[in-house]
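Asker: My questions all concern the structure below.
The values are calculated or read from the model by the stated rules, or taken from the named source; none is laboratory data. In this text the structure is predicted, and so the values were computed from the model without any measurement. Note that we place each Cβ from the backbone using ideal geometry, even for glycine, and neighbour counts take in every protein chain shown.
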Amino acid sequence: MDVGFSLRSEAVGAMRTAMVSAENLQLTLKPELSQEEQALTHSNRSPKETHKVGNEDLKEMLESNKESLKLEAMKRVVGLIAKGKNASELFPAVVKNVANKNIELKKLVYVYLVRYAEEQQDLALLSISTFQRALKDPNQFIRASALRVLSSIRVPIIVPIMMLAIKESAADMSPYVRKTSAHAIQKLYSLDPDQKEQLIEVIEKLLKDKSTLVAGSVVMAFEEVCPDRIDLIHKNYRKLCNLLVDVEEWGQVVIISMLTRYARTQFISPWKEGAMFDENNEKAFYDSDSEEKKDQMEAKTYIMDPDHRLLLRNTKPLLQSRNTAVVMSVAQLYWHLAPKHEVTIVTKSLVRLLRSHREVQYIVLQNIATMSIQRKGMFEPFMKSFYVRSTDSTHIKTLKLEILTNLANEANISTILREFQTYVKSQDKAFAAATIQAIGRCATNISEVTDTCLNGLVLLLSNRDETVVAESVVVIKKLLQTQPTQHSEIIKHMAKLFDNITVPMARASILWLMGEYCERVPKIAPDVLRKMAKTFTAEEDIVKLQIVNLAAKLYLTNSKQTKLLTQYILNLGKYDQNYDIRDRTRFIRQLIVPSEKSGALNKYARRILLAPKPAPVLESAFKDRDRYQLGTLSHSLNTKASGYQELSDWPAVAPDQSVRNVEVIEPVKEWAPLVGKAKQRKSDEKFYSDEEEEKEEEGSDSSGSEDSSSSSSSSESGSESEEESSEESEKTSSDSGKSSSGSEQESSSESESQQKKKKKTKKAPQKKSKPAAADSDSDENGNGPVAPASSSSADSSSASETDSEDDSDSDSPAVQKKKSDVKSKPKVEVKSKKEVSLLDLDDFSPAPTTKAPKSAVLSSSLLSDLEGLSLSNVSPAIQVTTPSFGPVKTYELLHHMTGKGLSAKYHFPRQPCLYQPSMVAVQVVLTNSSDHSLEEIHIGDRNPASLNLHCFNTIERLEPEASVTVSMGIDFSDSTQAANFQLCTKDDQFSVSIQPAVGELFMPITMTEQDFSKEQGKLLGMNETSETIAMATANTSSQAISKQVLSVANVGVVSSTQNNIHRFAGRTVSSGALVLVSLEMKESSSALLTINTEKSVMASMLLRDLKQALAQA
Amino acid sequence: MIHSLFLVNASGDIFLEKHWKSVVSRSVCDYFFEAQERATEPENVPPVIPTPHHYLISVLRHRIYFVAVIQSEVPPLFVIEFLHRVVDTFQDYFGVCTEAAIKDNVVVVYELLEEMLDNGFPLATESNILKELIKPPTILRTMVNTITGSTNVGEQLPTGQLSVVPWRRTGVKYTNNEAYFDVVEEIDAIIDKSGSTITAEIQGVIDACVKLTGMPDLTLSFMNPRLLDDVSFHPCVRFKRWEAERILSFIPPDGNFRLLSYHVSSQNLVAIPVYVKHNISFREGSSQGRFDLTLGPKQTMGKAVESVLVSSQLPRGVLNANLNPSQGTYTFDPVTKMLTWDVGKINPQKLPSLKGTMSLQAGASKPDENPTINIQLKIQQMAISGLKVNRLDMYGEKYKPFKGIKYMTKAGKFQVRT
């Protein structure tokens, strides 16, 4: 330092050296410099210094207290970044503002941080705590941005923090934050691949997410981190398929390409030889009946996995997307996955994309080119869309040409060639040359036009443009090779033109032709060789090689004339600059000129050089592109891009499809707990093993699915509800319904799959269960031969029906009608004989009880599945629903003592009667307890005679100890008057009577609380019956109440917002009058029971029954 | 997915760069410049260029190349579509998408790009959502911001992001509720030398400008929906409803958007609105060529053909053209050899013509091909396919909106070979 001071008076030159040598020195010196000196030093410094001064200025601004100055400074900093200038030295000043309140400033700081954190890792750490705090912010947007920036800071030291943040955010309430966390997964993975395992866990969790917002991002993360973990997709496959339409467009692209890969590993090929395909499957989306039936028909040939079909069906509407990438990805999905005849539906959409930007056209045309090689028919009707316009850019033109060539066939070749004629004249010579090649290809592919093309090409030889001529020569050469015999004229013509052709490739081609067919033009060939010998040294390498070849060939065929010429040329070649030519010359010389050294090979020279050569195959440049998945970067470049995932071949045998089944989660509807309970209680005392019970269920359900009408109705309702749901979801955007819908959704898809399983295990279980249940009513599940399409099928149909209805506020009248046809399951009660009923319950009630929840599950799941994420609580109108269930009570119709061995029991299955909507379904179990077989069991006279009764078909023979269940329908006309009729066998007649409990004369409906109140308001006064009743203490919970009420009457639960009021709604079966039951809990285990209905007699009876039921524990 | 983005102007300068992952040196663009040099025309630069470590996918719009840097396999259309969406957004925000506009608004551009992509994956591309996040710059707003210190950047998550109608923001209010729909059809045609149609098809779009309060639910029905052969929708359109009833039912985005684009089925004969009589000839050996062009209306259904513009790329050998238009003006660019004739309205009584001579380069041989003539035109108040909107209804809101439908026919890629 002292030195500096002493230097002050000394020469400026010395001073400068000191400055340069020591930075410190310079700094200390600076204030002391004179004006003159300053000027000097300034000029001496580099422009970098001035730049620094500029940043100095920014630094000051950033450190000022004024927000506007800071913002201004940050804007300039961002400007620097955008220009690619280095602004890293401002890092400390910028990072201080990370916690600033001003959101724009903060955003800009984020931009800066993300850009420079990697370079300034230590300083970047200062900002981390701010983000950690922001991750807890109540504003979801702030949380998401914090995570975004935190994960974008590529500083390895914060990996654990990032990991924690990702895990937390993956469980965030807000789907937007969860989406951000999916993005963060990829960032963390690229920063530290060792985190893979933990990240996969997060991905697995997020894959289960129901939000359409998350779906695309998490699949993207999946593709980046663990594309091979296909097992993670199984459970989410159906959900992804169903959500697809509602996912944002970019996510759709990613999901579709992932699902394409997935499907190729999981399903068997739909392209098998001899497999029959369902032509109407596309239609089936809208009309499932045909699909269902057809599928059954084709069961023996090839059945597409329903999941496979689901994917195809759900992606199809996306062909209408405005996003070209989505359309392309659907097109490739169809190309790689759909049965061959279905692929054609993508054609139109692809052609539509050709209207889009140049770059889009380029990619789409590439893909069409690949497709059109394999499937001409697909694009042939759209041939004119590929006509070239003069304004197209060159690569578009070439691609269109490629496609036109691929599409050429006998029928359209004349049109195409006429079009090509225009192109040949194009000013764009590269394009004209490509056209000539294309003509060549057409000529080889379609033998009819070969001559025409050849003549046309020969005409082109006199074209002024040399590229055109050259290309023609090359193509003619190739064509001649295919049929050389007739064309010596053309060769002569070309020889004449030879002097005027300068393009090396063309010259080489002509020379090769001369040599190859020298025997056909014996006079001209040696002359050409003579000319070439003169110009040999001036020719291009490729031409020289051909001259050597020509010389050798002529030497072999016509050595008298050409020996000297050949030797001359070989000598020239020997000293050529190009080693290829020297090498060739040496080889030829050894081969053709006999000498002592050359051995056996010499003899074969002629056969080697003049061997007949196979004609070249003129192939499309896109021939081999199909090894890459369409639409990919690799396909576009025709080389494997890094990170390209190979599309696997179809498996020979389909992997287990049950892996895609999702576990059932009990639906969270009001009655759900009830079900669970009942089931549990039963299972404790079960008579049959669990397994057997399960099988019984299967049997019963399978009969349902066997029946085509019922299953079709269910699938129909599926699509319906989907439609509705999408609309619904558009209308309601609340998150509220999400959680509940979530669980329902899973259960739904589960139940679907269960149904499928059941289909498979048809029949067998039914047989099994029959003998086992000989003495009891257990046969109830398997439908007797008399009524093939009874309970279960009706059940499933009604269930699905109601499902779809559930969502729609107002549906088409037709469906509504259908709905009302489908009535609820009546249920039978045992009033006396408690022990017996218990036993009975064990034996057969599992079926109805378990069945009912299942169908409900199916329905809710179906709709929620389809609805996607944003399901909100939908308000259904008044609709007939699935019957609620309770223990089914069995009544005795005929005791075996009075029936001379024939005993009959009946119960109300609480299912809508198939025969007539106004009838109540009754199931009768007939058992032969005698030791001889009974014949011709049928129904005889009835009393009153007007009784509207649907009889079961006569049972021809009932073996001893055997039993059979039959269904009948009785129209009770909304009265509890007994239906009397005679049960006859061949020999005897027994008068029997069925008296229904009033509760069985209803069918349940669902309605909203508002609708309920509204309807109740209309049924006041005379139509209202109410009484205060005493409640058993055990019956105070809402579950217990519903259970009791449902056991008495076949009504539906109306969801209620008030805890102390329980509401139930039903309709009478015959007249359809509304029956509204409300129970208002009062103090000290009493309650006000109100029944509103026009049918006051029924009301009082129902009131009595309910009172009794609720009073007992 | 998208690693970085470079914006390159016509003269080959990178004027903006943005990185979403680690910084990629701008030297990667050298490969692009190489390809640019090799291509004779700006359009001929291949959209996908492989380099040793990266892939460059570029689009060219408004004479700016948007070059995206990709590191691994990704559907190229994904990137291309996104880049076009970026350009559309810029245009939406700044009115034009030029180098100057981008440079002037570099901060907004950066903010936009930051929101549109996260880690290279598109995050928000819907214009309605973006506008809630980052308000478009206007002079008024800039002034207010400087005075009050408020910002252009939204603090809340855009309402659309989470809703099932992400394209529409909530809380829209207008004093005048209006909904305008423009049915615009374009005729793509190639007419051959003799005047017969080689190929002709009609592509149409319905552009909408909807300024309606609240959450209106609109339905638009056509008199003759069967005409529409292939359609693509804005995401707001309910596909099922269309499939079942051929009715467009949708909750519209706020502001301008493209509701529908369609293709008229090729079975229908396309009416060609104009005919061209031409006589363009070059004589061997002479340095003169004759140019004679007359336009006339053909099938216009009584409507006037307006804004007619004829352009033609003359052969390279043409030095100059000395022509005489009966109406309108013409220009000839001796460098690009582009002849443009702005005709204006076609008067059926007095057909417009352009006659005269072309001087050819001395000694140059006669050009092989006659030039192709491109025609642009407009016909107001008519959709050439005959498509008609039947009615437009609004549900969900109480007020009565003002509705308007406009039809227009344009020439798309309309070429006459001579």
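Asker: Given the condition surrounded by fewer than 21 Cβ atoms within 10 Å (Cβ to Cβ), within 7 Å of chain A (Cβ to nearest Cβ), of a type in the set (Ser, Thr, Tyr) and at negative phi, answer yes or no: does some residue in the stretch B:39-52 qualify?
Answerer: Scanning the stretch B:39-52 turns up no residue that is surrounded by fewer than 21 Cβ atoms within 10 Å (Cβ to Cβ), within 7 Å of chain A (Cβ to nearest Cβ), of a type in the set (Ser, Thr, Tyr) and at negative phi.
Asker: To continue, here is another question. Hey, can you tell me all the residues within the stretch B:78-96 that are at the interface with chain A (Cβ under 8 Å from one of its Cβ atoms) and in contact with a His (Cβ under 8 Å, 6 or more places away or on another chain)?
Answerer: B:Ile80, B:His84
Asker: Same structure, new question: Go through (1) farther than 30 Å from A:Lys400 by Cβ; (2) in contact with a strand residue (DSSP E or B) (Cβ under 8 Å, 6 or more places away or on another chain) and name the single condition A:Pro614 misses.
Answerer: Failed condition: (2).
Asker: Filter the stretch B:202-247 down to the residues that are in contact with a Ser or Thr (Cβ under 9 Å, 6 or more places away or on another chain) and aromatic (Phe, Trp, Tyr) and list them by number.
Answerer: Passing the criteria: B:Phe233, B:Phe239, B:Trp242.
Asker: For the stretch B:59-137, which fully contained helices (runs of 4 or more DSSP H) count at least 2 residues that are under 30 Å from A:Ser642 (Cα atoms), under 21 Å from the mean Cα position of the chain (by Cα) and charged (D, E, K, R)?
Answerer: Filter on the stretch B:59-137 gives B:76-94.
Asker: May I pose another question? May I ask you to say which residue of B:Arg246, B:Arg258 is of a type in the set (D, E, K, R) and out of contact with any strand residue (DSSP E or B) (no Cβ under 6 Å at 6 or more places or on another chain)? Outline the logic, then answer.
Answerer: Details: B:Arg258 fails: out of contact with any strand residue (DSSP E or B) (no Cβ under 6 Å at 6 or more places or on another chain).
The unique qualifying residue is B:Arg246.
Asker: Step by step: first the residues of the stretch B:61-77, then only those that are surrounded by fewer than 24 Cβ atoms within 10 Å (Cβ to Cβ) and not hydroxyl-bearing (Ser, Thr, Tyr), then the one that is nearest to the other protein chains (Cβ to nearest Cβ). Which residue is that?
Answerer: Filtering the stretch B:61-77 for residues that are surrounded by fewer than 24 Cβ atoms within 10 Å (Cβ to Cβ) and not hydroxyl-bearing (Ser, Thr, Tyr), the one nearest to the other protein chains (Cβ to nearest Cβ) comes out as B:Glu73.
Asker: Condition first: under 28 Å from B:Ser25 (Cβ atoms), within 14 Å of another protein chain (Cβ to nearest Cβ) and within 39 Å of the chain's Cα centre (by Cα). Can you find one or more residues in the stretch A:81-95 that meet it? Outline the logic, then answer.
Answerer: Keep residues of the stretch A:81-95 that are under 28 Å from B:Ser25 (Cβ atoms), which gives A:81-95.
Still in the list and also within 14 Å of another protein chain (Cβ to nearest Cβ): A:81-88.
Cutting the leftovers down to within 39 Å of the chain's Cα centre (by Cα) gives us A:82.
Yes.
Asker: Inspect all residues belonging to the stretch A:612-627 and state whether any of them is at pLDDT below 80 and β-branched (Val, Ile, Thr).
Answerer: The answer is yes, given that some residue of the stretch A:612-627 is at pLDDT below 80 and β-branched (Val, Ile, Thr).
Asker: For the stretch A:963-1007, how many residues are outside any strand (DSSP E or B), surrounded by 18 or more Cβ atoms within 10 Å (Cβ to Cβ) and on the phi < 0 side of the Ramachandran plot? Outline the logic, then answer.
Answerer: Here is the first cut: in the stretch A:963-1007, the ones outside any strand (DSSP E or B) are A:972-978, A:985-988, A:995-1001, A:1007.
With the extra rule that they be surrounded by 18 or more Cβ atoms within 10 Å (Cβ to Cβ), the set shrinks to A:972, A:974, A:985, A:996-1001, A:1007.
Now drop any that are not on the phi < 0 side of the Ramachandran plot, which leaves A:972, A:985, A:996-1001, A:1007.
So the count comes out to 9.
Asker: Among the strands (runs of 3 or more DSSP E) confined wholly to the stretch B:195-287, which include 2 or more residues that are out of contact with any Phe, Trp or Tyr (no Cβ under 9 Å at 6 or more places or on another chain)? Full working, then the answer.
Answerer: Numbers: elements: B:197-211, B:217-222, B:228-233, B:247-250, B:255-264, B:274-282.
In the stretch B:195-287, B:197-211, B:217-222, B:255-264, B:274-282 are the strands (runs of 3 or more DSSP E) which contain 2 or more residues that are out of contact with any Phe, Trp or Tyr (no Cβ under 9 Å at 6 or more places or on another chain).
Asker: Across the stretch B:87-113, what is the number of residues that are touching a residue at least 40 places away in the same chain (Cβ under 8 Å) and closer than 30 Å to A:Ala215 by Cβ?
Answerer: Narrowing the stretch B:87-113 to residues touching a residue at least 40 places away in the same chain (Cβ under 8 Å): B:89, B:92-94, B:99, B:102-103, B:106, B:108-111, B:113.
Of the ones still in play, those that are also closer than 30 Å to A:Ala215 by Cβ are B:89, B:92-93, B:109-111, B:113.
Here the count works out to 7.
Asker: For the stretch A:338-360, which positions are more than 24 Å from the chain's Cα centre (by Cα) and within 9 Å of chain B (Cβ to nearest Cβ)?
Answerer: In the first step, residues of the stretch A:338-360 are kept if they are more than 24 Å from the chain's Cα centre (by Cα); the result is A:354-359.
A:Arg355, A:Ser356, A:His357, A:Arg358, A:Glu359 - these are the residues of the stretch A:338-360 that are more than 24 Å from the chain's Cα centre (by Cα) and within 9 Å of chain B (Cβ to nearest Cβ).
Asker: Here's a follow-up. Pick out the one residue from B:Gly344, B:Gly328 that is within 30 Å of B:Ile202 (Cα to Cα) and under 22 Å from the mean Cα position of the chain (by Cα). Spell out how you get there, then give the answer.
Answerer: Numbers: B:Gly328 fails: under 22 Å from the mean Cα position of the chain (by Cα).
Answer to the selection: B:Gly344.
Asker: Assess whether B:Leu323 counts as being over 22 Å from A:Thr391 (Cα atoms), part of a strand (DSSP E or B) and without any contact (Cβ under 8 Å) to a residue 40 or more places away in the chain. Reasoning before the result, please.
Answerer: Numbers: over 22 Å from A:Thr391 (Cα atoms): yes; part of a strand (DSSP E or B): yes; without any contact (Cβ under 8 Å) to a residue 40 or more places away in the chain: yes.
Considered against the rule, which asks whether it is over 22 Å from A:Thr391 (Cα atoms), part of a strand (DSSP E or B) and without any contact (Cβ under 8 Å) to a residue 40 or more places away in the chain, B:Leu323 comes out as yes.
Asker: Restricting attention to the stretch B:299-320, report how many residues are surrounded by fewer than 18 Cβ atoms within 10 Å (Cβ to Cβ), assigned to a loop (DSSP other than H, G, I, E, B) and among the small types (Gly, Ala, Ser).
Answerer: 2
Asker: Among the numbered criteria (1) in contact with a strand residue (DSSP E or B) (Cβ under 7 Å, 6 or more places away or on another chain); (2) hydroxyl-bearing (Ser, Thr, Tyr); (3) not in a helix (DSSP H, G or I), which one does A:Ser1042 miss?
Answerer: (3)
Asker: Hand me the list of helices (runs of 4 or more DSSP H) wholly inside the stretch A:312-428 holding 3 or more residues that are of a type outside the set (Phe, Trp, Tyr) and under 29 Å from B:Asn370 (Cα atoms). Full working, then the answer.
Answerer: Details: elements: A:324-337, A:345-353, A:358-374, A:376-379, A:394-407, A:413-424.
So the answer is A:358-374, A:394-407, A:413-424.
Asker: Next question. Look at the stretch A:1045-1090 and say how many of its residues are crowded, with 24+ Cβ neighbours inside 10 Å, assigned to a loop (DSSP other than H, G, I, E, B) and hydrophobic (A, V, I, L, M, F, W, C).
Answerer: Residues in the stretch A:1045-1090 being crowded, with 24+ Cβ neighbours inside 10 Å, assigned to a loop (DSSP other than H, G, I, E, B) and hydrophobic (A, V, I, L, M, F, W, C): 3 in total.
Asker: Residues that are closer than 26 Å to B:Ala411 by Cα, at the interface with chain A (Cβ under 10 Å from one of its Cβ atoms) and either modelled with pLDDT under 90 or assigned to a helix (DSSP H, G or I) (or both): does the stretch B:180-187 have at least one? Spell out the reasoning first.
Answerer: We begin by selecting, within the stretch B:180-187, every residue closer than 26 Å to B:Ala411 by Cα; these are B:180-187.
So of that shortlist, the ones also at the interface with chain A (Cβ under 10 Å from one of its Cβ atoms) come out as B:186.
Next cut, either modelled with pLDDT under 90 or assigned to a helix (DSSP H, G or I) (or both) only: none.
No: the stretch B:180-187 contains no residue that is closer than 26 Å to B:Ala411 by Cα, at the interface with chain A (Cβ under 10 Å from one of its Cβ atoms) and either modelled with pLDDT under 90 or assigned to a helix (DSSP H, G or I) (or both).
Asker: Next question. For the structure I just gave you, tell me whether B:Lys240 is closer than 30 Å to B:Lys355 by Cα and either more than 26 Å from the chain's Cα centre (by Cα) or free of Cβ contacts under 8 Å to residues at least 60 places away in the same chain (or both). Give the steps one after another, and end with the answer.
Answerer: Details: closer than 30 Å to B:Lys355 by Cα: no; either more than 26 Å from the chain's Cα centre (by Cα) or free of Cβ contacts under 8 Å to residues at least 60 places away in the same chain (or both): yes.
For B:Lys240, the condition - closer than 30 Å to B:Lys355 by Cα and either more than 26 Å from the chain's Cα centre (by Cα) or free of Cβ contacts under 8 Å to residues at least 60 places away in the same chain (or both) - is not met.
Asker: Test of understanding: among A:Gln195, A:Gln186, which residue is more than 14 Å from every other protein chain (Cβ to nearest Cβ) and either under 19 Å from B:Lys21 (Cβ atoms) or at pLDDT below 90 (or both)?
Answerer: On the way: A:Gln186 fails: more than 14 Å from every other protein chain (Cβ to nearest Cβ).
After applying the criteria, what remains is A:Gln195.
Asker: Follow-up. Any idea which of A:Ala411, A:Ala432 is aliphatic (A, V, I, L, M) and either within 9 Å of chain B (Cβ to nearest Cβ) or surrounded by 21 or more Cβ atoms within 10 Å (Cβ to Cβ) (or both)? Break it down stepwise before answering.
Answerer: Values: A:Ala411 fails: either within 9 Å of chain B (Cβ to nearest Cβ) or surrounded by 21 or more Cβ atoms within 10 Å (Cβ to Cβ) (or both).
The unique qualifying residue is A:Ala432.
Asker: Scan the stretch B:1-35 residue by residue and report those that are of a type in the set (Gly, Ala, Ser), farther than 18 Å from B:Leu83 by Cα and either within 11 Å of chain A (Cβ to nearest Cβ) or in a helix (DSSP H, G or I) (or both). Please lay out each step first, then the result.
Answerer: Residues of the stretch B:1-35 of a type in the set (Gly, Ala, Ser): B:4, B:10-12, B:22, B:25, B:27, B:35.
The next check asks that each one be farther than 18 Å from B:Leu83 by Cα; those that pass are B:11-12, B:22, B:25, B:27, B:35.
Those that are of a type in the set (Gly, Ala, Ser), farther than 18 Å from B:Leu83 by Cα and either within 11 Å of chain A (Cβ to nearest Cβ) or in a helix (DSSP H, G or I) (or both): B:Ser22, B:Ser25, B:Ser27, B:Ala35.
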